[in-house]
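**Student:** Below are the structure tokens for one structure; questions will follow.
Read the figures in this text as sums done on the coordinates, not as results from a lab. Being a predicted model, the structure only gives us computed values, none of them experimental. Positions of Cβ are generated from backbone atoms using ideal geometry, with glycine treated the same way; all protein chains shown enter the neighbour counts.
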Amino acid sequence: MSTQGITILGATGSIGVSTLDVLRRNADRYRVEALTANRDVDGLYAQCVEFAPRYAVMADPDAAERLRARLRDAGREVEVLAGEDGLRRVAALDEVDCVMAAIVGAAGLMPALDAARAGKRVLLANKEALVMSGALFMRQVHDGSAELLPVDSEHNAIFQCMPPAWVPGAGRPEGVSRILLTASGGPFRQTPLDQLADITPEQACAHPNWDMGRKISVDSATMMNKGLEVIEACWLFSVDAADVQVVIHPQSVIHSMVQYRDGSVLAELGNPDMRTPIANCLAWPQRIEAGVAPLDIVAIGRLDFEAPDLARFPCLRLAQEAWTAGGTAAAILNAANEIAVDAFLERRIHYTAIPGIIEATLGHVGVQEAVSLDVILDADRQAREHATRLVHDVSPQKERA
Ligand code: NAD
Ligand code: MG
């Protein structure tokens with residue numbers, strides 16, 4: 001059997017590390033062609049030593065210089081590239097069959113689009129890329145004859161519950177009446193509302209069921225993550241937000257469900273471990289070892305469901321409204337959220353200021369038809385500028401000064 005060449009964009013992150021673990025267990029099937037990171041030189045160096053890729057890319061040029069020197073001193077033959085050009089190059093290499101898009105946020109958009117244009121199997125973890133540019137992204141997948149497979153656990157579950165041979169981009173799947181998108185509700189599902197203002201980044205990043213990067217952990221706490229996932233589902237599965245019902249399911253055992261016209265509801269269950277959807281996408285339509293513990297359904301005992309409270313989770317409402325508004329609204333929502341979450345993680349704003357900044361940015365930046373990448377990137381830039389001003393205005397440090 002010939003091996004498949006893999007590029008991992010965002011190799012040092014939570015998804016990147018889980019992907020490498022699945023590859024380690026299936027070394028006879030895959031070879032690592034390229035690994036990328038932002039500026040974690042130690043992390044990427046260790047991965048280069050273990051997986052011996054042909055290329056390593058650091059988004060940060062100084063970090064690239066340091067990685068290059070270390071690999072050279074250790075006698076390792078890895079070509080080190082830098083910046084967005086480097087990321088884009090390794091996303092589209094001829095010798096690469098499959099690209100894991102696991103950079104966090106808008107920074108991952110261009111290489112993910114390049115992988116689609118180059119006709120790769122694109123394993124999409126970087127939901128922000130699709131949220132920003134859904135129509136364009138799906139067109140790129142079609143025009144490049146790429147294969148787009150969802151890594152996000154909910155979307156991977158939905159994909160597994162779709163009719164046989166159906167793939168994202170193939171139009172609305174036959175017989176599907178509704179998607180039930182499950183959500184854990186995050187760490188603050190039951191926290192009294194008057195205590196939310198004092199939540200710290202450490203509390204927000206301590207997710208009850210999943211171990212993830214810091215940005216998506218905060219998004220899970222605010223449920224912006226579920227809002228982004230509603231939009232992600234609309235693009236992947238060719239449905240409308242009204243067809244996607246968000247259901248809180250605190251155990252995170254059912255990863256989402258698909259309801260059919262005849263009343264059947266199909267679900268995918270498993271332990272909350274991202275190696276399952278990663279392995280599913282890597283090997284699809286085959287199945288490979290993922291290192292995930294078997295589900296002990298008896299020990300779990302019960303599965304609970306409830307409707308989300310939009311007063312507690314205004315970010316979910318904002319995302320649904322952005323989908324309805326269409327055009328560049330989702331790109332504006334995403335950019336404002338990235339700025340607000342960053343500011344919260346750096347303790348510049350309170351947790352409860354996040355939705356207000358996003359809503360005000362959506363009200364300020366005019367929504368355009370998302371006719372081109374330039375229009376989308378311009379909306380992203382304007383939203384970042386406005387949200388940054390708002391962060392400055394509400395910053396507690398400024399109040400104290
Ligand atoms: P993370 O913060 O752990 O890792 C992010 C990776 O992206 C790192 O390798 C980092 O070096 C790289 N990166 C960050 N900024 C960059 C930049 N400006 N340029 C280039 N590279 C950059 O994040 P994560 O939790 O692994 O999440 C990655 C993506 O996958 C996100 O879009 C997230 O929403 C999605 N996702 C994650 C999970 C999960 O369980 N962690 C589940 C579903 C979806
Ligand atoms: Mg998810």
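**Student:** Quick one: 3J(HN,Hα) in Hz for the range 271-286, Karplus 6.51/-1.76/1.60 with θ = phi - 60°, rounded, Gly and Pro as x.
**Tutor:** Per residue, the Karplus-derived 3J(HN,Hα) values read 5, x, 8, 5, 5, 5, x, 5, 5, 4, 6, 4, 9, 2, x, 8 Hz.
**Student:** Sticking with this one: Please compute the alpha carbon radius of gyration of the range 130-187, then divide it by the globular-protein estimate 2.2 N^0.38 Å. Two decimals is fine.
**Tutor:** Taking N as the residue count of the range 130-187, the ratio is 1.26.
**Student:** List the pair-distance distribution P(r) of the range 326-401, using every Cα-Cα distance, as the percent of pairs falling in each 5 Å bin from 0 up to the bin containing the longest distance, rounded to whole percents.
**Tutor:** All Cα pairs considered, the percentages come to 3, 20, 28, 21, 14, 8, 4, 2, 0.
**Student:** According to the Kirkwood expression over distinct Cα-Cα pairs, how big is the hydrodynamic radius of the range 166-243, in Å?
**Tutor:** Computed over Cα pairs of the range 166-243, the Kirkwood hydrodynamic radius comes out at 14.2 Å.
**Student:** Set the Förster radius R0 to 41 Å, insert the Cβ-Cβ distance between Glu79 and Ala206 as r into 1/(1 + (r/R0)^6), and round the FRET efficiency to 0.05.
**Tutor:** On the way: r = 39 Å, r/R0 = 0.95.
Here the calculated transfer efficiency is 0.60.
**Student:** What FRET efficiency do you get for Leu310 and Ala27 if R0 is 41 Å and r is their Cβ-Cβ distance, rounded to the nearest 0.05?
**Tutor:** 0.30
**Student:** Quick check on packing: order 154-164, 218-228, 366-376, 96-106 by the mean number of other C-beta atoms within 10 Å, highest mean leading.
**Tutor:** Numbers: 154-164: 22.0, 218-228: 27.4, 366-376: 14.8, 96-106: 24.7.
The peptides rank, most packed first, as 218-228, 96-106, 154-164, 366-376.
**Student:** State, to one decimal in nm², a quarter of the convex hull surface area for the C-alpha atoms of the chain, i.e. the direction-averaged projected area.
**Tutor:** Reported value for the Cα convex hull: 20.2 nm².
**Student:** Right, here's the next one. Take the Cβ-Cβ distance between Ala170 and Arg287 as r, set R0 to 25 Å, and report the resulting FRET efficiency rounded to the nearest 0.05.
**Tutor:** 0.70
**Student:** Continuing with the same structure: Give the relative contact order (percent, whole number) for the chain; include only Cα pairs under 8 Å separated by 6+ residues.
**Tutor:** 14 percent
**Student:** Collect residues whose amide H, placed 1.01 Å from N in the peptide plane, falls under 5 Å from the amide H of Leu148; neighbours closer than 5 in sequence don't count.
**Tutor:** Result for Leu148 returns Val122.
**Student:** Relative to the compact globular guide of 2.2 N^0.38 Å, what is the alpha carbon radius of gyration of the range 218-277, as a ratio?
**Tutor:** Expressed relative to 2.2 N^0.38 Å, the Cα Rg reads 1.20.
**Student:** Can you list the equivalent-ellipsoid semi-axes of the range 4-150, largest first and in whole Å, using the square root of 5 times each Cα gyration tensor eigenvalue? Numbers along the way, then the final one.
**Tutor:** Values: eigenvalues 117, 52, 33 Å².
They are 24, 16, 13 Å, listed largest first.
**Student:** Under the definition of Cα pairs under 8 Å and six or more residues apart, what whole-number percent is the relative contact order of the range 4-150?
**Tutor:** That works out to 22 percent.
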